[in-house]
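Asks: Before I ask anything, let me first share the structure, which is written out below as structure tokens.
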Amino acid sequence: MSGKTLYDKLWDSHLVQQRDDGSALIYIDLQLLHEVTSPQAFEGLRLAGRKPWRVSSSLATPDHNVPTTKKERISGVDGIEDPVSKIQVITLDDNCNEFGITEFNMKDIRQGIVHVVGPEQGATLPGMTVVCGDSHTSTHGAFGALAHGIGTSEVEHVLATQCLVQKKSRNMLVRVDGKLSPWVSAKDVVLAIIGAIGTAGGTGYAIEFGGTGIQSLSMEGRMTVCNMAIEAGARVGLIAVDDTTIEYVKGRPYAPKGEHWDMAVEAWKDLVSDKDAQFDEVVVLKAEDIKPQVTWGTSPEMVIAIDEPIPRPEDQKDPVKKEGYARAWKYMGLEGKTMLADVTLDRVFIGSCTNSRIEDLRIAAQVVKGRKVASTLKQAIVVPGSGLVKAQAEKEGLHEIFEAAGLEWREPGCSMCLAMNADKLGAGEHCASTSNRNFEGRQGFGGRTHLVSPAMAAAAAIAGHFVDVNEFVKH
Amino acid sequence: MRPFTKHTGLAAPLDLANVDTDMIIPKQFLKSIKRTGFGKNLFDELRYEDEGQPDQECDGRPIRKDFVLNQDRYKGASVLLARQNFGCGSSREHAPWALDDYGFRSIIAPSFADIFYNNCFKNGLLPIVLQAEEVDQLFAEVALREGAQVIVDLENQTVTSPSGATFEFNVDNFRKHCLLNGLDDIGLTLQQDSAIRRYEEKRMNDAPWLFLPRGQ
């Protein structure tokens with residue numbers, strides 16, 4: 001019998017009951033909650049007269065539609081100008097109070113984007129099952145945890161039963177071999193992977209990311225990679241546990257201590273795929289081949305390296321692809337353009353659950369330091385992922401570097417990634433964004449999103465258009 | 001949950017691949033704390049010329065006449081024909097809520113995104129995967145004749161085209177059982193509470209650090 005993959009191990013250790021038809025009852029260790037996908041779940045519990053199974057397994061924080069300006073944030077939830085957003089945030093506060101769930105509310109320095117907060121607090125631990133009513137829950141797979149997004153009915157199901165009915169996914173290994181070039185980041189790696197396998201390439205699979213190109217990444221970088229597994233269609237992204245993982249978790253507020261820590265570390269060492277494990281699909285990329293990536297269209301798979309020409313619809317053979325490309329060209333206003341450097345940018349957004357951690361901000365600051373944002377830009381904003389990331393950045397003086405360069409320094413939240421708060425694009429505006437989705441209208445009605453790494457976004461903010469950050473920093 | 005057994009209805013063809021959840025229901029409508037009322041904003045950006053706002057009356061808004069659901073012949077459609085990777089993107093259940101609220105009962109496509117597919121079953125909507133050629137044939141037949149109806153039979157796992165061609169589809173037994181009987185998932189799982197408690201006790205022993213209380 002062949003060995004087990006990391007995914008197999010995590011699945012087996014959480015299996016409560018196997019059903020004959022292939023579905024199974026899986027135990028959930030941690031549920032993260034935010035204001036958008038939880039109100040109807042709590043309402044369901046109340047209507048059925050049910051109580052949460054185990055409140056200590058939940059952690060909540062508002063993130064999707066909290067404002068990010070100081071003016072609106074100063075008075076906490078009362079300061080939210082949009083009445084509909086305000087009701088949603090108040091509803092989360094009320095539900096957490098009623099059911100006794102730990103919440104970092106808007107006035108708490110620990111508030112932030114759920115996928116930044118969980119790892120930062122040590123609430124996310126290796127070997128766990130983690131769910132959240134948000135597809136980017138795959139982020140937590142960076143810790144060797146089985147983590148995926150769920151819908152609101154499942155949020156309610158987990159609250160009430162601590163379990164989920166699941167069908168096991170197939171195993172895919174995406175290996176990045178070799179050493180990444182300077183200024184090529186985790187974001188470029190994951191965009192290149194999505195470009196290679198497509199947005200449905202991982203559908204039905206749990207993807208384990210491995211190889212030296214992945215192992216060399218920091219935890220922040222690993223989270224960026226797993227975060228976007230869902231953009232390749234896979235609900236689950238995973239990275240094996242190693243010393244980098246354990247070092248990151250050690251000493252965090254909710255991480256185990258003392259005797260529990262020693263026990264946990266011992267158990268976590270097994271959270272790797274066995275050498276003889278069989279994967280249903282293996283994809284290999286060479287790290288050296290990966291260049292800074294930029295999306296040109298309206299799907300994350302519509303991505304190219306900065307030095308490549310924008311692919312044209314008429315060159316596509318597949319009719320579905322041809323039509324999709326034509327639609328994207330029109331929406332993105334690419335007529336008459338050859339390279340992405342030809343696109344004049346209107347806004348730059350550095351933030352989101354993909355790229356708002358301290359390392360992302362350090363890199364962006366390094367690029368803009370001593371430079372000025374292009375005068376053609378309407379706005380460039382930096383939105384830290386949590387109150388603690390913000391505090392750390394300020395301690396390091398990063399906010400002063402950003403502000404001196406002409407970027408706005410904001411309060412933590414999801415912000416312009418999905419434009420549920422006031423931060424959004426106008427129709428036809430092009431944005432260099434470190435977020436994860438470039439769908440039509442994602443960042444605002446008619447808005448045109450280009451996904452990039454923090455370094456590429458920072459360089460684009462200064463130049464006013466896309467440039468190869470590698471070349472840029474030389475001047 | 002409303003049961004789904006057999007449904008006969010008008011089919012509307014949405015000829016677009018990779019329809020994402022932001023297209024199905026744009027984010028400004030996710031601020032509701034209810035499950036209902038999303039139908040009028042289903043496909044909002046494809047359907048209307050202007051940018052829709054929550055709580056806005058939609059009757060007087062300028063519509064995109066060429067969009068399938070704005071065409072008279074597809075008024076009252078309850079089966080949606082779609083292309084590959086339908087429902088990709090977010091985990092928001094607002095997407096199936098909006099489709100359901102609009103009046104759709106079933107969606108037929110060559111492939112779906114995982115989370116969306118799963119969310120449909122929780123809301124009495126039946127997502128059906130057919131072969132690409134079968135979906136092509138349905139698109140062609142529906143275009144051919146106004147008022148063309150499609151029959152979706154969950155019990156027998158078949159789709160019958162307007163011309164009478166029958167296509168079989170797969171569905172998990174458990175999901176089928178729940179949908180046919182309109183069963184509440186949570187109630188069913190709670191019947192297994194002793195198995196859950198047994199697992200929990202063993203796990204508490206093996207990994208006690210996962211069960212520490214969490215203070216404010």
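No lab work stands behind these numbers, since they all come straight from the coordinates. Quick caveat, the model's predicted, so the values are computed rather than measured. Methodologically, a virtual Cβ is constructed for each residue, glycine included, from the backbone with ideal geometry; neighbour enumeration extends over all protein chains shown.
Asks: Just list whichever of A:Lys269/B:Lys202; A:Lys4/A:Lys275; A:Lys187/A:Lys291 have alpha carbons separated by over 18 Å in the model shown. Display every interim value, and only then the final one.
Replies: Numbers: A:Lys269/B:Lys202 20 Å; A:Lys4/A:Lys275 8 Å; A:Lys187/A:Lys291 11 Å.
The answer is A:Lys269/B:Lys202.
Asks: Helix-derived [θ] at 222 nm for the protein assembly as shown: sum -39500 (n - 2.57) over DSSP H runs of at least 4, divide by residue count, nearest 500? Can you show the working numbers first?
Replies: Numbers: 25 runs with 223 residues, N = 691.
One gets -9000 deg cm²/dmol as the mean residue ellipticity at 222 nm.
Asks: Rounded, prolate or oblate for chain B? Axes are the square roots of the Cα gyration tensor eigenvalues, ordered a ≥ b ≥ c, and the cut-off for rounded is a/c under 1.5. The partial results should precede the final answer.
Replies: Numbers: a/c = 2.44, a/b = 1.45, b/c = 1.68.
Taking the square roots of the gyration eigenvalues as a ≥ b ≥ c, chain B is oblate.
Asks: Does anything in region A:393-411 have its amide N under 14 Å from the 7 Å Cα→Cβ label point of A:Ile109, and if so which residues?
Replies: A:393-396
Asks: State to the nearest 20 debye the size of the charge dipole of chain A about its Cα centre, where the only charges are +1 on K and R beta carbons and -1 on D and E beta carbons. Walk me through the intermediate numbers first.
Replies: Values: 50 positive and 62 negative charges, 97 e Å.
Dipole magnitude for chain A comes out near 460 debye.
Asks: List the residues whose amide H sits under 5 Å from the amide H of A:Ala147, counting only those 5 or more places along or on another chain, with H placed 1.01 Å from N in the peptide plane.
Replies: A:Val130, A:Gly141, A:Gly237
Asks: Give me the net charge for the shell around B:Phe174: Cβ to Cβ below 14 angstrom, other residues only, Lys and Arg +1, Asp and Glu -1. Don't skip to the answer; put the middle values down first.
Replies: Numbers: positive: A:Arg19, A:Lys167, A:Lys168, B:Lys122, B:Arg175, B:Lys176; negative: A:Asp20, A:Asp21, B:Asp172, B:Asp184, B:Asp185.
Residues close to B:Phe174 contribute a combined charge of +1.
Asks: What full-extension length gain, to one decimal in nm, is calculated for A:Val320 and A:Arg50 as 0.36 nm per residue of separation minus the Cα-Cα distance?
Replies: On the way: separation 270, 0.36 × 270 = 97.20 nm, distance 4.72 nm.
Roughly 92.5 nm would be gained on extension.
Asks: At 0.36 nm per residue, minus the direct Cα-Cα distance, what do A:Ala341 and A:Glu288 gain on full extension? Give it in nm, one decimal, please.
Replies: 16.8 nm
Asks: Step through the residues of region A:392-399 one at a time and calculate ³J(HN,Hα) from phi using the Karplus curve (6.51 cos²θ - 1.76 cosθ + 1.60, θ = phi - 60°), rounding each to whole Hz and writing x for Gly and Pro.
Replies: Working through the residues one at a time gives 5, 4, 5, 4, 8, x, 5, 4 Hz.
Asks: What are the ³J(HN,Hα) couplings of region A:74-89, residue after residue, when phi is run through the Karplus curve with 6.51, -1.76, 1.60 and θ = phi - 60°? Round to Hz, x for glycine and proline.
Replies: Working through the residues one at a time gives 4, 9, x, 4, 5, x, 5, 6, 6, x, 6, 4, 4, 4, 5, 5 Hz.
Asks: Can you compute 3J(HN,Hα) from phi for each residue in region B:69-79, using the Karplus curve 6.51 cos²θ - 1.76 cosθ + 1.60 with θ = phi - 60°, rounded to whole Hz and x for Gly and Pro?
Replies: Running phi through 6.51 cos²θ - 1.76 cosθ + 1.60 with θ = phi - 60° gives 6, 8, 8, 3, 5, 9, 4, x, 4, 10, 10 Hz.
Asks: Give me the distance in nm between label points sitting 7 Å out from Cα along the Cα-to-Cβ direction at A:Leu15 and B:Glu155, one decimal.
Replies: Distance between label points: 3.5 nm.
Asks: Does region A:1-73 classify as rounded, prolate or oblate by the C-alpha gyration tensor (a ≥ b ≥ c root eigenvalues; a/c under 1.5 gives rounded; else a/b over b/c gives prolate, otherwise oblate)? Mind dumping the intermediate values first?
Replies: Values: a/c = 3.26, a/b = 1.74, b/c = 1.88.
Since a/c reaches 1.5 but b/c is at least a/b, the shape of region A:1-73 is classed as oblate.
Asks: What lysines could a cross-link reach from B:Lys40, if we take a straight Cα to Cα line under 24 Å and drop same-chain neighbours fewer than 8 places away?
Replies: Reachable lysines: A:Lys86, A:Lys424, B:Lys27, B:Lys31, B:Lys65, B:Lys75, B:Lys122.
Asks: Taking amide hydrogens as modeled 1.01 Å from N in the peptide plane, which residues meet the under 5 Å criterion relative to A:Arg170, leaving out close sequence neighbours?
Replies: Distant-sequence amide H within range of A:Arg170: A:Tyr205, A:Ala206.
Asks: Now, a different point. Relative contact order for chain A using alpha-carbon pairs under 8 Å, separation at least 6, rounded to a whole percent?
Replies: Working: 1127 pairs, mean separation 82.7, N = 475.
Averaging sequence separation for qualifying contacts and normalising by length gives 17 percent for chain A.
Asks: Quick one: which residues, 5 or more positions from A:Val283 or on another chain, have an amide H under 5 Å from its amide H? H modelled 1.01 Å from N in the peptide plane, none for Pro or chain starts.
Replies: A:Leu173, A:Val174, A:Arg175
Asks: Ok, one more. How would region A:305-444 be classified by its alpha-carbon gyration tensor: rounded, prolate or oblate, with rounded meaning a/c under 1.5 and the a/b versus b/c comparison settling the rest?
Replies: Details: a/c = 2.34, a/b = 1.92, b/c = 1.22.
Prolate.
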